[in-house]
Amino acid sequence: MQLETDKRSSAQLDLLGKAARLLPGGTLGMFGLPADLAMVPAYGRGSKVYDVDGNEYIDFLLGSGPLILGHAHPAVVAAVQEQAAKASTFYFVNEPALELAEMIVSAVPCAEKVRFCSSGNEATFFAMRLARAHTRREKVLKFEGGFHGVHDYAILSTWPSVPYSSPRPQPDSAGVPKGAADTVLVAPFNDVKTTTAVIEANHGDLAAVIVEPFQRSIPPKPGFLNFLREITTRYGIDLIFDEVVTGFRFAWGGAQEYYGVTPDMATYGKIIGGGYPIAAVAGRAEIMDQCDNSRKGSGDYVYVTGTLSGNPVSAAAGVATLKELKGKNLYPRIHRSTAMLRSGLLRMLADAGLAAQVVGEGGVLQVVFTDRKVENYQDMRSGDRAKAELLFSTAIRNGLFMAVADKIYVSAVHSDEDIQTALRAFQAGIDAIAR
Ligand SMILES: Cc1ncc(COP(=O)(O)O)c(C=O)c1O
């Protein structure tokens, strides 16, 4: 279906005007669309999302990743309705949270115990604190271009404008205290030599290495995660996998199962809440037990808590989502749809004579207009952004819902027909570039 932005009614444009008036930048966070592509979604069904005028889009944003079963999956809706009718929150241990914790511990190689929180941002913040307490060291090494949320120890060298030259991070946000930034070091992803040098020069201060095992859309080079496991073990540094995106997406056991490397701790969000707010830190019992309340006042107690942590409605949605994923073994389907979209895009880009890479796997793809192999942030940055923007904005105009020039999420409910429709929308974008 061909969608034109002029299909937005004056009522919808009024809502967008209200957003501009009431919300900074007219958005809820860092995600937004250019004014001519913006819309106000009203409801979703499976792979489709509908704006307030009823215009239909195939959704490749998927709520920024949680909606692996698409919108309003009947099993998730039923679980939420049942739990919401019983109780919305307790601030206490509850059955849905226990069931979710049991699933995480049974699925995830590093998970002996779980502490819930409400967002991926909190999860990485708490994991870093747990590592600092565990090792009695202060610093954390992250990778250039890696995203771990927006707290003061995370929003550093995620989108640096200056090419990498030293392990000192570049803050991406105003308002980050120098004291916080001084405790974070940076290395280029997939670069064994530089990472080794940074760790060897700082291991006495390093509490943790935190890594997205699949960084944004970039897979690890063979052996890179094993190298991180080996060097962190050698120096007694905690290895944290940020699995907020990859957890339960790449495989039942997430990236650690998929790539066969077990960290000390891992952070979860997105899929484990099935579209409702819940996140978690999971890891070795020795590390996680630092937040056991019986330690309060002992000097080695780590505060990890929150009013809605382990919320039963969110946990019930997560349990229902994970049961579907496992019960119906939806992983082969997600990988197959991703491969179909990827190979279609590659073929169309090659036919048009455009130098481009389609990076990613396991339900996450990104198009980068470069002839360089994309192995790290600087490779990603070398892409022609104007071309990517034209490709994506044209595809959005042709009925897709997604970010401009960013990741595409593929769900278990995208049909082959959805993928073919999406490829036609992208073809319109490729034609616009070639014109
Ligand atoms: C890898 C990763 N870590 C952490 C976060 C932060 O999660 P949240 O948005 O739930 O705070 C995100 C969010 O996209 C993410 O992709």
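The values are calculated or read from the model by the stated rules, or taken from the named source; none is laboratory data. Predicted model only: the values in this text are computed from it and were never measured. So basically every Cβ, Gly included, is an ideal-geometry build from the backbone, and we count neighbours across all protein chains shown.
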Failed item in (1) buried (at least 20 other Cβ atoms within 10 Å of the Cβ); (2) within 14 Å of the ligand (Cβ to nearest atom); (3) closer than 27 Å to Tyr303 by Cα; (4) not aliphatic (A, V, I, L, M), with Gly145 passing the rest: (3)
Apart from one, (1) aliphatic (A, V, I, L, M); (2) closer than 21 Å to Ala282 by Cβ; (3) under 23 Å from the mean Cα position of the chain (by Cα) all hold for Ala38; the odd one out is (2)
Got at least one residue in the stretch 101-113 being within 27 Å of Gln420 (Cα to Cα), out of contact with any strand residue (DSSP E or B) (no Cβ under 8 Å at 6 or more places or on another chain) and crowded, with 18+ Cβ neighbours inside 10 Å? no
Within the stretch 86-126, track down each residue that is touching a Gly at 6+ places or on another chain (Cβ under 8 Å), among the charged types (D, E, K, R) and within 16 Å of the ligand (Cβ to nearest atom). Glu122
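Kindly indicate whether Val358 is at pLDDT 95 or above and either in contact with a Cys (Cβ under 8 Å, 6 or more places away or on another chain) or not in a helix (DSSP H, G or I) (or both).
On the way: at pLDDT 95 or above: yes; either in contact with a Cys (Cβ under 8 Å, 6 or more places away or on another chain) or not in a helix (DSSP H, G or I) (or both): yes.
So Val358 passes the test.
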Any residue in the stretch 416-435 that's at pLDDT 95 or above: show its pairings with residues that are among the basic types (Lys, Arg) and not in a loop (DSSP other than H, G, I, E, B) at Cβ separation under 7 Å, as long as the two are six or more apart or on different chains. Ile433/Lys387
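Tell me which residues, restricted to the stretch 255-286, are β-branched (Val, Ile, Thr) and buried (at least 24 other Cβ atoms within 10 Å of the Cβ). Explain how you work it out, then say what you get.
Step one: filter the stretch 255-286 for residues β-branched (Val, Ile, Thr), giving 261-262, 267, 271-272, 278, 281.
Correct list: Thr267, Ile271, Ile272, Ile278, Val281.
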Which pairs turn up if I take residues in the stretch 229-241 that are surrounded by fewer than 19 Cβ atoms within 10 Å (Cβ to Cβ) and look for partners that are part of a helix (DSSP H, G or I) and modelled with pLDDT of 95 or more with beta carbon separation below 6 Å, at least 6 apart in sequence or on another chain? Ile231/Ile199
When restricted to Gly247, Gly269, Gly236, the only residue away from the ligand (no atom under 12 Å from the Cβ) and among the small types (Gly, Ala, Ser) is Gly236
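Considering only the stretch 131-145, state which residues are closer than 24 Å to Ser166 by Cα and β-branched (Val, Ile, Thr). Walk me through it before giving the result.
Taking the stretch 131-145 as the starting set, the residues that turn out to be closer than 24 Å to Ser166 by Cα are 131-132, 137-145.
Result: Val140, single match.
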